[in-house]
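**Student:** Quick one: structure below, then a few questions.
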Amino acid sequence: MFSGLRIRVLLLFSLLLTVAVMLIAQSNPHQSRSTSFGTSGGNVNDISKAFCCSGTLGSLVKDSSNTQYVLSNNHVLADSDQAAAGEDISQPGLIDNNCRPATIVADFTVAPHLGTNVDAALAAVRSGQMSSSGTILDIGPPSSSTLSASNNLLVAKSGRTTGLTCGSVQSTNTNVKVQYQQGCNSGKKFTVTYTNQVVVGGSGFSAGGDSGSLIVSQTGKRPTALLFAGSSSTTIGNPINEVLSQLTTSLSKSVSFVGASNPGNVACPVPAAALAGHGRPSQTGLDRAAAAKEAHVQELMADPAVMAVGVGSSERNTAEAVVNVYVETGRAHGHIPAEVDGIRTQIIRTDLIRAYGWNEAQNVANSCPAKLQ
């Protein structure tokens, strides 16, 4: 008797949880069915016995034959180098459809291997399933022309978990160690080291599930970086021009953004004035900091507690160029000199930089056994 009652209670509880997840997804346009980019999506095979994984379908690009593709991350569309061409890409992703495939919107096409300094992938769009103008939810169509990141540049992104957020570039030319996991939260963890990456500062800019989002300039909505990893206080992006270059090589056709020639500016929830610094380092100062960073990056990154080293501006004086050294919180580190070649070092503490499940305090409730990428 008690066993039967317990089973009925568990079934009722499971049903209520499923309904709750569906209601949450329906109330968040980034996590429900949409033809806009900046929304939930991923490879339908990115699932294990205990978890399902998804990220963000970030933006729209085209090749020289005008074939249109979803641009996102390798670890979102290609299951971290494990996918075969033609695998289904769903929108929303598994995590927002009770770990079941939703609408199939694209077919995985190509991804540069992890280790080629970008975490990027393309999936050919199925006719009529995604916005042909490249509209990103809460941003609109981005510019069709790109912009290289610079220190203190004001940027924005629209992603599956945190929606539209705005911030500023904290470091450029950054070497960074990023932790991955084979399979959907079920395999061996491994680290990939990247160079020349973009770091956006701030705890609220992104969280797991935002992987694949396009980072654009607030002014002009120009594509700047492809979001692929983060921590509780940092967001890491591949420089967008390197992304396009690597995808062009992999596809054997030139790749460019589908967007507008004059898209206007991003309507950020936080005014740009509140994010802007009081000054920017001179180009001479940045060049000196970049040279100092390159001369010492190997010895600094040899410390297991050091996760990233890049070029930024001082928190005390934003007009001063510094070498930012990102150290894992709670982990003892070796000696970090106060200066390298006459350029001050600035230690920034944060937790482990990962390509999955970072900044989980920002994640929305989700009772499905899911992993946010």
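The values are calculated or read from the model by the stated rules, or taken from the named source; none is laboratory data. Values in this document were obtained by computation on a predicted structure and should not be read as measured data. Ideal geometry is used to build each Cβ from the backbone, glycine not excepted, and the neighbour counts take in all protein chains shown.
**Student:** Of these, 117, 43, 74, which one is out of contact with any Gly (no Cβ under 9 Å at 6 or more places or on another chain), at pLDDT 95 or above, polar (S, T, N, Q) and surrounded by 24 or more Cβ atoms within 10 Å (Cβ to Cβ)?
**Tutor:** Unique residue meeting the criteria: 74.
**Student:** Filtering segment 313-344 down to residues that are assigned to a strand (DSSP E or B), in contact (Cβ under 8 Å) with a residue 60 or more places away in the chain and over 18 Å from residue 301 (Cβ atoms), which residue is nearest to the chain's Cα centre (by Cα)? Quick ask: steps written out before the conclusion?
**Tutor:** If we filter segment 313-344 for residues that are assigned to a strand (DSSP E or B), which is where we start, we get 313, 321-328, 339-340, 343-344.
Still in the running and in contact (Cβ under 8 Å) with a residue 60 or more places away in the chain: 313, 321, 324, 326.
This time we only want the ones that are over 18 Å from residue 301 (Cβ atoms), so: 313, 321.
Values: 313: 23, 321: 26 Å.
Looking at residues that are assigned to a strand (DSSP E or B), in contact (Cβ under 8 Å) with a residue 60 or more places away in the chain and over 18 Å from residue 301 (Cβ atoms), I get 313.
**Student:** Condition test on residue 208, is it buried (at least 21 other Cβ atoms within 10 Å of the Cβ) and either aromatic (Phe, Trp, Tyr) or within 28 Å of residue 123 (Cβ to Cβ) (or both)? I'd like the intermediate steps shown before the answer.
**Tutor:** Working: buried (at least 21 other Cβ atoms within 10 Å of the Cβ): yes; either aromatic (Phe, Trp, Tyr) or within 28 Å of residue 123 (Cβ to Cβ) (or both): yes.
Spelling it out, residue 208 is indeed buried (at least 21 other Cβ atoms within 10 Å of the Cβ) and either aromatic (Phe, Trp, Tyr) or within 28 Å of residue 123 (Cβ to Cβ) (or both).
**Student:** Take the residues in segment 334-366 that are surrounded by 15 or more Cβ atoms within 10 Å (Cβ to Cβ) and farther than 21 Å from residue 324 by Cα, then tell me which one is modelled with the lowest pLDDT.
**Tutor:** Ranking the candidates gives 364 first.
**Student:** In segment 190-261, which strands (runs of 3 or more DSSP E) lie fully inside it and hold 3 or more residues that are farther than 18 Å from residue 310 by Cα and within 16 Å of the chain's Cα centre (by Cα)?
**Tutor:** 214-217
**Student:** Failed condition for residue 96, given (1) among the charged types (D, E, K, R); (2) touching a Ser or Thr at 6+ places or on another chain (Cβ under 6 Å); (3) within 19 Å of residue 127 (Cβ to Cβ), with all others met?
**Tutor:** Single failed check for residue 96: (3).
**Student:** When both residues are 6+ apart or on different chains and their Cβ atoms are under 7 Å apart, which pairs have a first residue that lies in segment 33-61 and is aromatic (Phe, Trp, Tyr), and a second that is in a strand (DSSP E or B)?
**Tutor:** Pairs that qualify, where the first residue is aromatic (Phe, Trp, Tyr) and the partner is in a strand (DSSP E or B), are 37/57; 37/59; 37/60; 37/136; 51/370; 51/371.
**Student:** Condition first: in a strand (DSSP E or B) and farther than 17 Å from residue 226 by Cβ. Can you find one or more residues in segment 127-139 that meet it?
**Tutor:** no
**Student:** Quick one: which of 285, 259, 279 is surrounded by fewer than 16 Cβ atoms within 10 Å (Cβ to Cβ), of a type outside the set (Ser, Thr, Tyr) and over 30 Å from residue 179 (Cβ atoms)? First the steps, then the outcome.
**Tutor:** On the way: 285 fails: surrounded by fewer than 16 Cβ atoms within 10 Å (Cβ to Cβ); 259 fails: surrounded by fewer than 16 Cβ atoms within 10 Å (Cβ to Cβ).
Matching residue, one of 285, 259, 279: 279.
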